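The block underneath contains the structure these notes are about, expressed in structure tokens.
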Ligand SMILES: NC(=O)c1ccc[n+]([C@@H]2O[C@H](COP(=O)([O-])OP(=O)(O)OC[C@H]3O[C@@H](n4cnc5c(N)ncnc54)[C@H](OP(=O)(O)O)[C@@H]3O)[C@@H](O)[C@H]2O)c1
């Protein structure tokens, strides 16, 4: 990767665009990129929350440029609007982080249908479109990184988390295949897929109505800071997939040898409510 400063980890044009940057993992990632000297484009759907994050980050470095964009990413052509925002300001995005997301939990037939359609729009259509738009730009400069936030749920079917898990499988399979193509074509653009286990200190579990499920009190639950730290390290190392948390990658490579029916049962037990 071309350097602006010395050091293998510095990108030529250090601008990171993060979706879902107003809270949780996205906000922790924004802090890391800010400390590492990147300019930032923060996208989320609430302006006040974005402004709060911007004020915190600006304290790290007064010279850093921070742009905020209030955008509901479930809207039709939301990705096009994000791209237009960066294009009209001549901002070259060197790292694209697709972190915005939410979950729907329960028996499929009882979940609000429109909520699940919005989730699919966000996790599949908007993410895909953002990948395509910025991939082209990155390939034109033969430089760039894309970080797509998937989930540990992406690896197997997940009863009571069926649509969410399936949407995250799309992210995992699409990102890994694209990264393979980029490597084979010897391009200097890479795609990293992030597959966190339950993250205990973000807004996710409340939004999904999962605060009483076993997963969030399990020993495998991690913090948003852990996820952001391991994601950044994995990006620098040029990894394909990261499961944040010490040893979880190794554990996953052992567990994935089990039959799918077993994995599905394990997932289902983790998604059970333990108390209310
Ligand atoms: N927490 C977990 O256990 C966990 C585990 C594995 C993977 N993940 C993934 O990690 C990512 C980040 O989640 P998190 O845990 O950090 O949850 P979070 O704290 O709820 O953060 C998600 C952010 O995305 C934003 N967002 C949601 N829908 C949006 C939309 N339509 N348009 C624009 N922004 C939108 C949210 O804004 P609002 O606050 O306005 O909704 C929020 O700021 C998600 O993709 C999630 O699927 C989470």
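All of the numbers you see were taken from the coordinates with simple rules; none came from a lab. Computed from a prediction, not measured in an experiment: that's the story for all the values here. No Cβ is skipped: glycine too gets one built from the backbone with ideal geometry, and neighbour counts run over all protein chains shown.
For this structure, a couple of remarks:
- Antiparallel bridges, percent of DSSP beta bridges restricted to the chain (to nearest 5): 5 percent
- Virtual spin-label span in nm between residue 258 and residue 166, 7 Å along Cα→Cβ: 2.3 nm
- Kirkwood Rh, Cα atoms: Rg over Rh of the range 199-257: 1.01
- Beta bridges by DSSP in the range 1-138, antiparallel share as percent, to the nearest 5: 0 percent
- Relative protection proxy for 24-34, 220-230, from highest mean packing down: 24-34, 220-230 (other beta-carbon atoms within 10 angstrom).
- Distance from the range 92-142 to the range 28-62 (C-alpha centre basis), Å: 21 Å
- Extension gain, residue 65 back to residue 273 (0.36 nm per residue minus Cα-Cα distance, nm): 70.5 nm
- Radius of gyration and Dmax over the Cα atoms of the chain, both given in Å: 18.1, 55
- The stretch between residue 132 and residue 181, if pulled fully straight at 0.36 nm per residue, gains 16.3 nm over its current Cα-Cα span.
- For 211, 118, the sequence from fewest to most other C-beta atoms within 10 Å is 211, 118.
- Per-residue [θ]222 nm for the chain (sum of -39500 (n - 2.57) over DSSP H runs n ≥ 4, rounded to 500): -13000 deg cm²/dmol
- Cβ-based exposure ranking for 195, 268, 256, 99, in which fewest neighbours within 10 Å come first: 256, 268, 195, 99
- Whole-Å distance, taken between Cα centres, linking the range 144-169 and the range 220-259: 14 Å
- When 184, 273 are arranged by Cβ crowding within 10 Å, least crowded first, meaning fewest neighbours, the order is 184, 273.
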